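Here the structure is laid out as structure tokens; the discussion comes afterwards.
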Amino acid sequence: MKLEHFSTERAGGARWNFGKLYVEHSSIHDATPLADNLRSADRDELAAVTIEPPVQVLIDGIRNSSPCYTIRVTDTGRPCGVFGTRQSDSPGCGVVWMLGTDDLTRHRRSFLRYSRRWLKELHNHYDLLYNVIDARNKLHIRWLQWMGFEFDMDIPKYGIEKRHFIFFKHYERS
């Protein structure tokens, strides 16, 4: 089943419904409610990398990513995650990222069910997706492994806190 089968038009933008969650194009207005409710692992990862507050990281991520999507809880409309890719210095390569709240974990079945389809959508824009992840973020590491990402380089001292991070990547599969 393709993503467009779930699509509806709303307020000039697409919305994809997935049961307890739906996805739509991001707006910088999503940054504050997400920043206020980030999972502690995501908040810790941001603090390890930058001195910027989470809301500014989210605003910059939304502005500089193409595409960028917000995941919302269907019954409340509350944002529970944001993900996207930004162009790297290498053609065809995108820096993939995602931040979420505990609502995303609470609705993990809906999230997991459609995650791989969204990975394919991101690959419509980039052949290679990559980034780094805080080695303490075990839940996201397991999810990335399940999604088929490869982990091939440890970075022992990364970011302002000089924490252990891991480089991960995913190639488009034909």
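Counting just the residues of the range 134-144 that are surrounded by fewer than 19 Cβ atoms within 10 Å (Cβ to Cβ) and among the aliphatic types (A, V, I, L, M), which one comes out farthest from the chain's Cα centre (by Cα)?
The selected residue is Ala135.
Looking at the range 86-97 only, could you name the residues that are more than 17 Å from Ile28 (Cβ to Cβ) and touching a strand residue (DSSP E or B) at 6+ places or on another chain (Cβ under 9 Å)?
Looking only at the range 86-97, we keep the residues that are more than 17 Å from Ile28 (Cβ to Cβ), and these are 87-96.
Of everything in the range 86-97, those that are more than 17 Å from Ile28 (Cβ to Cβ) and touching a strand residue (DSSP E or B) at 6+ places or on another chain (Cβ under 9 Å) turn out to be Gln87, Ser88, Ser90, Gly92, Cys93, Gly94, Val95, Val96.
Are there any strands (runs of 3 or more DSSP E) wholly within the range 28-122 with 3 or more residues that are within 16 Å of Ile141 (Cα to Cα) and touching a residue at least 60 places away in the same chain (Cβ under 8 Å), and if so which?
Correct list: 93-100.
Taking the residues in the range 86-102 that are in contact with a Ser or Thr (Cβ under 8 Å, 6 or more places away or on another chain) and surrounded by 22 or more Cβ atoms within 10 Å (Cβ to Cβ) as candidates, determine which candidate is farthest from Asp134 (Cα to Cα).
Gly94
May I ask you to say which residue of Thr70, Thr85, Thr101 is in contact with a Pro (Cβ under 6 Å, 6 or more places away or on another chain) and either at pLDDT below 95 or not hydrophobic (A, V, I, L, M, F, W, C) (or both)?
Unique residue meeting the criteria: Thr70.
The values are calculated or read from the model by the stated rules, or taken from the named source; none is laboratory data. Predicted model, so just to flag it, every value in this text is computed and none were measured. Ideal geometry is used to build each Cβ from the backbone, glycine not excepted, and the neighbour counts take in all protein chains shown.
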